[in-house]
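The values are calculated or read from the model by the stated rules, or taken from the named source; none is laboratory data. Every value quoted in this text rests on a predicted model; they were computed, and no experiment measured them. All Cβ positions, even for glycine, are placed from backbone atoms using ideal geometry, and neighbour counts span all protein chains on display. Accessible surface areas use protein heavy atoms only, side chains included; no ligands, DNA or RNA. Shrake-Rupley method; radii C 1.70, N 1.55, O 1.52, S 1.80 Å.
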Amino acid sequence: MKPLLTGKIALTILLLSLTASAQTWSSFPCLNTTGSVIALTGSNTELYMGGTFPDLVESYNLIYGCNGGFPQQNMQIRCMTYYNGDLYVSGYTPVPDTTKIYRLSSGGWSEIAYTLGGIVDVLGVYNNELYAGGFFLDLNGTSYNNLAKWNGNSWSDVGGGIWPSSGPGGAFVRSMTIYNGALIVGGDSFAPFANSIAKWDGNTWSSLGTGISSSTVASVFSLTEYNGNLYAAGHFNLAGSTVVANVAKWNGTAWSDPGGGLDGGDSIVKVLTVYHTELYAGGSFATAGGVTPVNNIAKYNGSSWSDVNGGVTGGLVLSMTNYYGALIVGGFFNSAGGVSVTNLAKLSGCPAGISASGSTTFCSGDSVILTATAGNAFQWLKNGSPIAGANAQSYTSLNSGIFSCLVTNSCGTVITNTIQVIVHPTPVAVITASGPTTFCAGDSVQLNVSTGTGYQYVWYKYGNIIPGAVQSVYVAKTAGKYKVWIQNLYGCINKSSPVSVTINPNPTATITAGGSTSICAGDSVVLTANTNISGSSYQWKKYANLIPGATNVQYAAKTTGKYKVIVTSPAGCTKNSKAVLVSVICRELSDESTSDQLLVYPNPVVDELTLFYGYNSGGTVIITDLSGAIVAAEQLNPDDNKAVLDVSDLAKGIYFVQLTGPKEKHITKFIKQ
């Protein structure tokens with residue numbers, strides 16, 4: 001089990017002064033084991049139980065259920081109470097004969113007192129001090145007579161304590177309560193005054209009449225106030241001079257018999273408490289008022305005793321307390337109202353509950369409606385704390401938590417069962433792009449979404465599933481609106497907002513030559529760029545190098561090389577054209593030719609073309625057309641530097657004549673008319 005809870009949830013419960021109608025018994029969800037429940041106490045949402053069961057002390061919390069964690073084993077818990085927000089517990093160990101008092105605070109358990117050979121049987125609070133009573137002569141080595149008080153730091157004496165008439169020791173303080181501003185203590189017959197009961201006003205002791213006595217040993221096991229009167233219960237038959245049956249009433253001046261008391265069986269009343277508008281008594285007895293059959297528990301309405309829905313059987317009642325509109329009854333028994341229980345039972349006058357309209361486990365953004373049983377007023381709680389404004393019979397839960405409801409009905413304000421709501425988060429579905437979502441054809445953009453363990457993805461384009469797109473990353477290459485659905489381990493799905501991808505077209509890029517791309521030195525050919533997108537810009541290149549300043553639609557190429565143009569659209573998209581080869585294949589010779597130059601005339605020519613060359617070493621001359629095809633060839637006379645060629649059969653046009661000698665090569669052009 002988890003350690004006992006130390007936090008206190010500040011929640012004030014207002015119990016209405018209404019009589020329970022139909023009472024029902026049920027088992028309580030703790031202590032499914034053997035061992036007596038001797039002590040019960042509660043503070044707001046927590047109920048503490050102590051006794052002889054294995055955990056010794058357990059707590060029940062509306063939110064966290066049953067928890068153990070007491071620091072001591074093999075101990076009998078005798079009593080417990082709250083003081084200044086902390087829980088105080090007294091435990092007794094027979095071997096060795098030792099009693100210890102523990103405090104449970106926000107820092108955990110701590111020991112504050114011990115006594116050897118004694119028992120602390122009752123703890124109570126009076127004038128902002130904790131009182132410990134029982135059968136002991138010292139605490140922490142300091143002498144006391146069966147009663148001492150604790151101010152939060154140290155122990156001190158209470159007017160000399162409680163002792164029997166024969167002298168110190170022997171008396172037993174078993175019960176305490178506050179009545180008319182004074183501390184009333186009860187137990188086995190003791191002084192300073194008489195007969196098992198005394199009053200302490202903070203300064204002095206006094207008696208309550210002639211006290212309580214018995215033909216045997218009188219014991220007062222429980223004291224409480226009800227309807228302005230003090231009630232004492234235990235094992236006795238005289239209150240003052242009035243014959244009673246184990247229960248007596250003190251009105252401030254005199255003792256009386258309340259409704260004939262309780263007897264039969266062992267004739268012991270161990271505990272009194274007020275539940276709703278009636279006084280409840282528990283112990284080991286069989287009849288109420290001498291005639292009414294009861295089973296170890298009875299209730300008193302101010303005039304008579306009655307059965308409590310069959311009572312408890314198979315043992316006796318040792319403790320009782322109120323908890324959220326129910327009476328919790330502890331002891332050593334196996335049945336309550338015919339319901340099988342194990343030493344702990346719950347009595348409810350008007351049970352209340354809550355139910356859910358659907359599943360209480362869902363995804364963020366969904367909800368469940370919780371509805372309480374009928375009542376006059378409602379206050380919904382989340383994790384034990386009130387939800388501001390949640391005062392209707394139904395409550396719509398959007399968030400995780402443990403929910404319950406305080407329902408005010410004819411029995412007062414009662415607590416319902418709890419329902420846990422679990423809300424799983426939906427995954428974050430926001431698409432982020434790794435770059436611009438507007439780009440040129442042929443490029444792409446990476447779309448990303450959040451990742452998580454067990455996440456599953458489905459990408460969509462225009463609402464259509466993209467086959468195979470099931471990762472947290474999708475590379476978009478075409479225009480469209482993209483979104484993604486993400487599902488996490490809990491089955492929660494979230495859909496992103498769409499992201500638009502825009503594709504700008506690339507321009508076309510071609511080159512048109514304004515003439516032959518085979519030219520002579522000094523000539524040029526005009527290259528013109530062509531594209532399908534108006535407003536484009538241009539950059540010419542020769543080979544891989546940009547041509548400075550060549551940014552017009554046309555470029556005049558004058559030198560040999562491979563020319564390209566880069567066309568850029570207004571949107572910034574570019575296209576490289578295919579290369580156009582420009583070749584300079586000849587050069588012209590001037591009239592002032594030297595001996596190694598080639599001269600031709602007339603130019604233009606009609607029939608015969610005369611060649612002059614500046615050497616007598618012979619060689620070969622060929623004539624080619626613009627396409628490079630050879631149309632004529634002739635061997636030169638090595639003894640001459642002049643040759644006459646017949647070109648009358650050539651078609652009109654431009655031709656090249658190439659002379660190849662032993663030392664050099666010359667090319668020039670001529671025009672055939």
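Within segment 390-428, work out how many residues are outside any loop (DSSP other than H, G, I, E, B), among the polar types (S, T, N, Q), out of contact with any Leu (no Cβ under 7 Å at 6 or more places or on another chain) and within 30 Å of THR277 (Cα to Cα).
Total meeting the criteria: 1.
Mind listing just one residue for me: the one in segment 627-636 that is open to solvent by 50 Å² or more (accessible area, probe 1.4 Å) and in a strand (DSSP E or B) and, of those, farthest from GLY515 (Cα to Cα)?
GLN635
If the requirement is being at pLDDT 95 or above, within 55 Å of the chain's Cα centre (by Cα) and surrounded by 15 or more Cβ atoms within 10 Å (Cβ to Cβ), which of these qualifies: ASN229, ASN246?
ASN229
So which strands (runs of 3 or more DSSP E) are wholly in segment 229-282 and hold at least 2 residues that are touching a residue at least 40 places away in the same chain (Cβ under 8 Å) and within 17 Å of VAL312 (Cβ to Cβ)?
Fully inside segment 229-282 and qualifying: 268-275.
Can you tell me which of SER303, SER359, SER355 is surrounded by fewer than 15 Cβ atoms within 10 Å (Cβ to Cβ) and assigned to a strand (DSSP E or B)?
Criteria check complete, one pass: SER355.
Considering only residues that are under 11 Å from VAL605 (Cβ atoms), in a strand (DSSP E or B) and hydroxyl-bearing (Ser, Thr, Tyr), which ones fall in segment 637-673?
Correct list: TYR655 only.
Of all residues being open to solvent by 40 Å² or more (accessible area, probe 1.4 Å) and within 28 Å of PRO351 (Cβ to Cβ) in segment 252-276, which is farthest from the chain's Cα centre (by Cα)? Just the residue, please.
This residue is LYS270.
Looking for something at pLDDT below 95 and polar (S, T, N, Q) - is there at least one such residue anywhere in segment 453-470?
Scanning segment 453-470, I find at least one residue that is at pLDDT below 95 and polar (S, T, N, Q), so the answer is yes.
Name the one entry in LYS564, LYS542, LYS575, LYS558 that is of a type in the set (Lys, Arg) and within 30 Å of ALA433 (Cβ to Cβ).
From the options LYS564, LYS542, LYS575, LYS558, the qualifying one is LYS575.
Scan segment 534-577 for residues that are touching a residue at least 40 places away in the same chain (Cβ under 8 Å) and within 21 Å of THR502 (Cβ to Cβ) and jot them down.
VAL567, THR568, SER569, ALA571, GLY572, CYS573, THR574, LYS575
I want to confirm something. Restricting to segment 275-326 and keeping residues that are at pLDDT below 95 and among the aliphatic types (A, V, I, L, M), which single residue is nearest to MET80 (Cα to Cα)?
The qualifying residue nearest to MET80 (Cα to Cα) is ALA326.
Criterion first (polar (S, T, N, Q) and open to solvent by 20 Å² or more (accessible area, probe 1.4 Å)) does THR177 satisfy it?
Yes; evaluated as a whole, the condition is true for this residue.
Test SER196 against the criterion of being surrounded by 24 or more Cβ atoms within 10 Å (Cβ to Cβ), within 53 Å of the chain's Cα centre (by Cα) and of a type in the set (Gly, Ala, Ser), and give yes or no.
No; evaluated as a whole, the condition is false for this residue.
List the residue pairs whose Cβ atoms are under 8 Å apart, where the first residue sits in segment 661-673 and is farther than 12 Å from LEU609 by Cα, the second is open to solvent by 90 Å² or more (accessible area, probe 1.4 Å), and the two are 6 or more positions apart or on different chains.
ILE667/ARG587; THR668/ARG587; THR668/GLU588
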